[in-house]
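The values are calculated or read from the model by the stated rules, or taken from the named source; none is laboratory data. Keep in mind the model is a prediction, meaning the values are calculated, not measured. Cβ atoms come from the backbone with ideal geometry, glycine included; neighbour counts cover every protein chain shown. Just so you know, the surface numbers come from the protein's heavy atoms only, side chains and all, with ligands and any DNA or RNA stripped out. Shrake-Rupley method; radii C 1.70, N 1.55, O 1.52, S 1.80 Å.
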Amino acid sequence: MSKVTLCTVVLDRKDELVKNLQQTCPYVDRTIVIDGGSKDGTVEWLQSQEAKDLKVEFEIHRQVRLQYGDHTPQARNPYLRLAGSDGWLLILDSDEFLE
C-alpha cells in the first residue's frame, strides 16, 4: 500500500494549522510542515507532544517568506525535498480542510 504524506507551508496561522492537522493526520502516514518564521506560537506547537503524536515533521525556513514573498509554488520546494518520492503527496494550505 502506498504511503500518503501531507505537505503544507505555514506562516502565523497556528489555529488553522492545528485544526487542519487534527482533522487530516488520521488519514496520512506522515506530515511535513514548512514554517516561514511564525511568531504566533506555531513553532512551539510544532515542537509539542501533540504534534509529535500527529506524526508531524517540520522545518523552519525563514527565508521562504523573505525570498519568495507570496510565491507559494517556490516556497513548497523545501517540503518536496523532504518528502522524497515514496508514495503520494497531499498538498494543502493550512486553511484548506478535507471534507
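What the table shows:
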{"item": "Odd one out for Cys25, checked against (1) touching a residue at least 12 places away in the same chain (Cβ under 8 Å); (2) part of a helix (DSSP H, G or I); (3) open to solvent by 10 Å² or more (accessible area, probe 1.4 Å)", "result": "(3)"}
{"item": "Members of region 1-58 found to be among the basic types (Lys, Arg) and more than 19 Å from Phe97 (Cα to Cα), listed by number", "result": "Lys3, Lys39, Lys52"}
{"item": "Inter-residue pairs, beta-carbon under 9 Å, first in a helix (DSSP H, G or I) and in region 76-91, second hydroxyl-bearing (Ser, Thr, Tyr) and surrounded by 19 or more Cβ atoms within 10 Å (Cβ to Cβ), 6+ apart", "result": "Tyr79/Thr5; Tyr79/Thr8; Leu82/Thr5; Ala83/Thr5"}
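Rundown of residues vs (1) touching a strand residue (DSSP E or B) at 6+ places or on another chain (Cβ under 8 Å); (2) open to solvent by less than 80 Å² (accessible area, probe 1.4 Å); (3) under 16 Å from Lys3 (Cα atoms); (4) modelled with pLDDT under 90, yes/no style:
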| residue | (1), (2), (3), (4) |
| --- | --- |
| Lys19 | no, no, no, no |
| Asp29 | yes, no, yes, no |
| Asp40 | no, yes, no, no |
| Ser48 | no, yes, no, no |
| Tyr79 | yes, yes, yes, yes |
| Gly84 | no, yes, yes, yes |
| Ser94 | yes, yes, no, yes |
| Phe97 | no, yes, no, yes |
